[in-house]
Amino acid sequence: MSESVVDPQTTNAAPPLFESWGRYPKYNANLIPLNWQSDFPGVVAGVKNGALPVGLGRSYGDVCLLDGGTLMPTTGMSRLLDFNPETGVLTAEAGISLAQVLDFAVPRGFFLPVTPGTKYVTLGGAIANDVHGKNHDAAGSFGNHVPCFELVRSDGSRRICSPTQNAEWFAATIGGMGLTGVITWVQLRLRPIVSRKIDYEGIQFHGIDEFLDLKHRYQDVEYTVSWVDCASTGKNFARGVFMLGEHSKVPGELTRTPEPKLSVPFDFPGFALNHTTVSMFNSVFFHKQMKQHVRTVQDYEPFFYPLDAVLHWNRGYGKRGLTQFQYAIPWEHAKEGTIAILREIAKSGLASFLAVLKAFGDVPSLGMMSFPQPGIMLALDFPIKPGLTFPLLERLGDMTREFGGRLYSAKDAAMTPEQYQAFYPQWQDFARFRDPLLNSSFWKRVTGDDSTL
Ligand SMILES: Cc1cc2nc3c(=O)[nH]c(=O)nc-3n(C[C@H](O)[C@H](O)[C@H](O)COP(=O)(O)OP(=O)(O)OC[C@H]3O[C@@H](n4cnc5c(N)ncnc54)[C@H](O)[C@@H]3O)c2cc1C
């Protein structure tokens, strides 16, 4: 979560502007941090225009924003509460980051059961978007590894939620976008490891058929993900690198990770990112792996978190920011949908690198509003270019809908209400669980429901 320096709690200045990781949109909001599990709802009594708990602001669009309302950062609630080395179950406050959990867990021979492509997200944020990782086939999404958590509502009620206790609230809160209440503490089942190392393989592919062949051939490998070139057409259309990894079984180092040293210190000018620079980047990335097939052993950091090595890399997209388009299309239409959408993106000439292609497995998500579903998932960033990016995103959203897929709310700044309500037809059922004090700019945008206490 980025903000300007003014704190409205201590000055009479206008509320500061907030932006998420995509840096679009930017909205005014008041700020009331939650530092103790007992802070909510007391500290926000009297708040007008609603409130929303937020973690580290690593969502891309407006799911962690509330224009004109009150944001409640939870990162002050970041204490470890308990750890059972027999079961691997960790109990911690919801504002702790996955980076902090790893610092504790790795030296003790444990790792996260599921991790997104950045470790700078909180436990609360990981549950609220039911995040997924490279092991979706084997492990499902984050909520599948959460035995229970506490949910606090604005009426002061506190619920312990698990698959058997307050099960409806458990399901609504996993993937519930922070709207059902504040998660104060969480239990998470960690998995054992014997080394920081990952046995890695990278295999070049040309086209979606080769990608699918590799997916079938390596379906027993725990972590799989691909980078795909979305800028190329012709013989290079949908070329990519299929990446596989397993935790090394050879006992080795189990140390903490040093802090990253690289940072993007300022906004790049808008022209730095265009079709030519993106094509060059993609070509270099594809040929960086000189051989068709490589095998190496690498540290888990570059395998899971290659982007975390450069802090504030989102500034590389300039002041206007970026948005991400991320779909999951079921197997029935996954291949034709992916080819058609990749063609549309390549044809648009709108610069985008860092495109990730992956298969989602069959493990059902426990969340009512969770994004993953079995099929193909594609995620790619677009710089915000006035008059160009949003018309393209609307077309891509409509295509996703035609192919029976859905888009990911955590990355979105562009879904229309019609698209959202078609992707998540259960949204009205979910709305019953929304806390009347809590709302987000995302929820208002896609449902039109702007009611708050
Ligand atoms: C580089 C990068 C890579 C990423 N890779 C992936 C990926 O591979 N897979 C994936 O699924 N996602 C990925 N993401 C998205 C990211 O994992 C999610 O958006 C995540 O939810 C962000 O967590 P956060 O702590 O920053 O929460 P925020 O972005 O601040 O908030 C996210 C949501 O959580 C809610 N929330 C936060 N804390 C609480 C709480 N205590 N109680 C109730 N609700 C709460 C907020 O209201 C909001 O709706 C990536 C993001 C980045 C920047």
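The values are calculated or read from the model by the stated rules, or taken from the named source; none is laboratory data. Everything quoted here is computed from the prediction, not taken from an experiment. Reconstructed Cβ throughout: ideal geometry from the backbone, glycine too, with neighbour counts over all protein chains shown.
When you scan the stretch 289-309, do you find a residue that is in contact with an Asp or Glu (Cβ under 8 Å, 6 or more places away or on another chain) and within 13 Å of the ligand (Cβ to nearest atom), even just one?
Within the stretch 289-309, one or more residues are in contact with an Asp or Glu (Cβ under 8 Å, 6 or more places away or on another chain) and within 13 Å of the ligand (Cβ to nearest atom).
Return the residue satisfying two criteria in turn: it lies in the stretch 162-201 and is among the aliphatic types (A, V, I, L, M) and assigned to a loop (DSSP other than H, G, I, E, B), and of such residues it is farthest from the chain's Cα centre (by Cα). Give the steps one after another, and end with the answer.
Applying the first criterion (among the aliphatic types (A, V, I, L, M)) to the stretch 162-201 yields 167, 171-172, 174, 177, 179, 182-183, 186, 188, 190, 193-194, 198.
Okay, now just the ones that are also assigned to a loop (DSSP other than H, G, I, E, B), so 174, 177, 179, 190, 193-194.
Working: Ile174: 13, Met177: 12, Leu179: 17, Leu190: 19, Ile193: 24, Val194: 27 Å.
Restricting to residues being among the aliphatic types (A, V, I, L, M) and assigned to a loop (DSSP other than H, G, I, E, B), the top hit is Val194.
Mind checking which residues of the stretch 21-58 are of a type in the set (D, E, K, R) and either modelled with pLDDT of 95 or more or within 13 Å of the ligand (Cβ to nearest atom) (or both)? Walk me through it before giving the result.
Pass one, the stretch 21-58, residues of a type in the set (D, E, K, R): 23, 26, 39, 48, 58.
Result: Arg23, Asp39, Arg58.
Can you name the number of the only condition in (1) in contact with a Phe, Trp or Tyr (Cβ under 9 Å, 6 or more places away or on another chain); (2) of a type in the set (A, V, I, L, M, F, W, C); (3) farther than 29 Å from Arg434 by Cα that Leu322 fails?
With (1) in contact with a Phe, Trp or Tyr (Cβ under 9 Å, 6 or more places away or on another chain); (2) of a type in the set (A, V, I, L, M, F, W, C); (3) farther than 29 Å from Arg434 by Cα applied to Leu322, the lone miss is (3).
Yes or no: the stretch 367-379 includes at least one residue that is part of a strand (DSSP E or B), away from the ligand (no atom under 13 Å from the Cβ) and either touching a Ser or Thr at 6+ places or on another chain (Cβ under 7 Å) or without any contact (Cβ under 8 Å) to a residue 40 or more places away in the chain (or both). Break it down into steps so the answer makes sense when it comes.
Restricting attention to the stretch 367-379, the residues satisfying the condition of being part of a strand (DSSP E or B) are 375-379.
So of that shortlist, the ones also away from the ligand (no atom under 13 Å from the Cβ) come out as 375-376.
Retained after the next criterion (residues that are either touching a Ser or Thr at 6+ places or on another chain (Cβ under 7 Å) or without any contact (Cβ under 8 Å) to a residue 40 or more places away in the chain (or both)): 376.
Yes: the stretch 367-379 contains one or more residues that are part of a strand (DSSP E or B), away from the ligand (no atom under 13 Å from the Cβ) and either touching a Ser or Thr at 6+ places or on another chain (Cβ under 7 Å) or without any contact (Cβ under 8 Å) to a residue 40 or more places away in the chain (or both).
Assuming Thr74 fulfils every condition listed in (1) assigned by TED's automatic domain parsing to the domain that holds Glu150; (2) within 7 Å of the ligand (Cβ to nearest atom); (3) over 16 Å from the mean Cα position of the chain (by Cα) apart from one, which condition is it?
(1) is the only condition that Thr74 fails.
State yes or no: is Phe242 aromatic (Phe, Trp, Tyr) and free of Cβ contacts under 8 Å to residues at least 60 places away in the same chain?
Numbers: aromatic (Phe, Trp, Tyr): yes; free of Cβ contacts under 8 Å to residues at least 60 places away in the same chain: yes.
Answer is yes for this residue.
Taking only the stretch 138-186 into account, find how many residues are within 14 Å of the ligand (Cβ to nearest atom) and in contact (Cβ under 8 Å) with a residue 40 or more places away in the chain.
29
So which residues in the stretch 138-161 are under 23 Å from the mean Cα position of the chain (by Cα) and either closer than 23 Å to Glu246 by Cβ or part of a strand (DSSP E or B) (or both)? Explain how you work it out, then say what you get.
Applying the first criterion (under 23 Å from the mean Cα position of the chain (by Cα)) to the stretch 138-161 yields 138-151, 161.
The answer is Ala138, Ala139, Gly140, Ser141, Phe142, Asn144, His145, Phe149, Glu150, Leu151, Cys161.
Scan the stretch 16-28 for residues that are among the small types (Gly, Ala, Ser) and closer than 26 Å to Ala92 by Cβ and report the count. Steps first, answer last, please.
Narrowing the stretch 16-28 to residues among the small types (Gly, Ala, Ser): 20, 22.
Okay, now just the ones that are also closer than 26 Å to Ala92 by Cβ, so 20.
Final tally of qualifying residues: 1.
Which of the residues spanning the stretch 116-132 are more than 6 Å from the ligand (Cβ to nearest atom) and surrounded by fewer than 24 Cβ atoms within 10 Å (Cβ to Cβ)?
Answer for the stretch 116-132, where residues must be more than 6 Å from the ligand (Cβ to nearest atom) and surrounded by fewer than 24 Cβ atoms within 10 Å (Cβ to Cβ): Lys119, Tyr120.
From the list Phe18, Phe110, which residue is modelled with pLDDT under 95 and of a type outside the set (Val, Ile, Thr)?
On the way: Phe110 fails: modelled with pLDDT under 95.
Going through Phe18, Phe110 in turn, just one is modelled with pLDDT under 95 and of a type outside the set (Val, Ile, Thr): Phe18.
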